[in-house]
Amino acid sequence: MPETAGTLYIVATPIGNLDDMSPRARRTLSEVDVILCEDTRHTGQMLRRLGIGTRRVSLHEHNEDRRVPEILDGLRSGRDYALVSDAGTPLVSDPGYRLLEASRSAGLSVSPVPGPCAAIAALSVAGLPTDRFCFEGFLPARAVPRRARLEELAGETRTLIIYETGRRILATLRDSVTAFGGDRPAAVARELTKAFETVYRDTLAGLLDRFEGDTDALRGECVLIVAGTRTPVAGGPDIRRAMRVLLEVLPASAAARVLARLYGIPRREAYEMTLRPADD
Ligand code: SAM
């Protein structure tokens, strides 16, 4: 690699409040040769407010593959680039992965300018366990795959972070109650760092109740945080005892459905357990 090769900076930008822009992010955006934007107009508005006039080029999911070779050439010839998304940290449910992967594979320099991220901001105020968590991003938009994914997540013991839109949160809460049980502690953090920032903390059933009665509360962007299951993991003595009792009165498929709901495990896993009830 020539010594003059440039650097690709991954720059986090505010998720609502412009004051959250770090001095280093601001400096990087004014010093690089090109800013790669998910949406040049959206980022243009932000840059104008910051008095930054750096050239902007679009990089979104539909042109990323096409743009990568020319950006790699630019980096090789010494140009510095900053990648930004519409809000928060690029690549977190946002474009940039293919560019990153290609830059790393080509041995080019990539450097983060960390800052806001809705997932971490929501987790930090949800009041749910933060020692172990997992980021699920967006669930499938269509009902059938979404429900299937939630069923798969029902046995997760770490706190779950799910991105949602105000429009879909009600459907996701309904499906979460079905998959995880209504008494699972959860939080919805909406419009973080903005004028109407609100964090609701309740059980899943309580949150569903809250939003069903107040559709105004559903406007804007939100993050759903769900506590991990605390029930014994599949195969523990309690779940096996429960299964044996259930099998005395129910067919295997119905027993598996009840177990999956009660213990927060995937239905498939519960069904497999009913096939070997003698194990302990
Ligand atoms: N890259 C961004 C980040 O670092 O958070 C996330 C981009 S993703 C396309 C957009 C989703 O992030 C929204 O649907 C919502 O779930 C969440 N989000 C973004 N800004 C938010 C905010 N101010 N308050 C709550 N959630 C937000």
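Values for this structure:
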| quantity | calculated |
| --- | --- |
| Unit charges on C-beta of K, R, D, E only; dipole of region 126-245, Debye | 400 |
| Dimensionless Rg ratio for the chain, taking C-alpha atoms and the 2.2 N^0.38 Å reference | 1.23 |
| Label zone at Val92 (point 7 Å along Cα-to-Cβ), backbone N below 19 Å, region 137-159 | 137-139, 158-159 |
| In degrees, nearest ten, helix 237-249 long axis to first principal axis of the chain (Cα) | 50 |
| Tilt relative to the chain, helix 40-50 - C-alpha long axis, 0 to 90 degrees, to 10 | 70 |
| Chymotrypsin sites (Phe, Trp or Tyr not before Pro) within region 147-250: DSSP coil, no more than 13 neighbouring Cβ in 10 Å | Phe196 |
| Extension reserve of the Asp131-Ser111 stretch, reckoned as 0.36 nm per residue once the Cα distance is removed | 4.5 nm |
| Separation between Cα centres of region 96-134 and region 1-62, rounded to whole Å | 16 |
| Helix-only [θ]222 nm of the chain, DSSP H runs n ≥ 4, -39500 (n - 2.57) each, per residue, nearest 500 | -12500 deg cm²/dmol |
| Crossing angle, helix 143-153 versus the chain [Cα axis fit, 0-90 degrees, rounded to tens] | 80 |
| Calculated on alpha-carbon atoms, Rg and Dmax of region 7-116 in Å | 12.6, 36 |
| Percent of beta bridges antiparallel (DSSP, the chain, rounded to nearest 5) | 45 |
| Translational diffusion coefficient (Stokes-Einstein; Kirkwood radius from C-alpha pairs) of region 1-66 at 25 °C, 0.890 mPa s, in µm²/s | 190 |
| Paired Rg and Dmax values of region 119-226, which use every Cα atom, in angstrom | 12.5, 36 |
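Every number here is computed from the coordinates shown, using simple stated rules; none is lab data. If you're wondering where the values come from, they're calculated on a predicted model, not measured in any experiment. Note: ideal-geometry Cβ built from the backbone for every residue, glycine included; neighbour counts use all protein chains shown.
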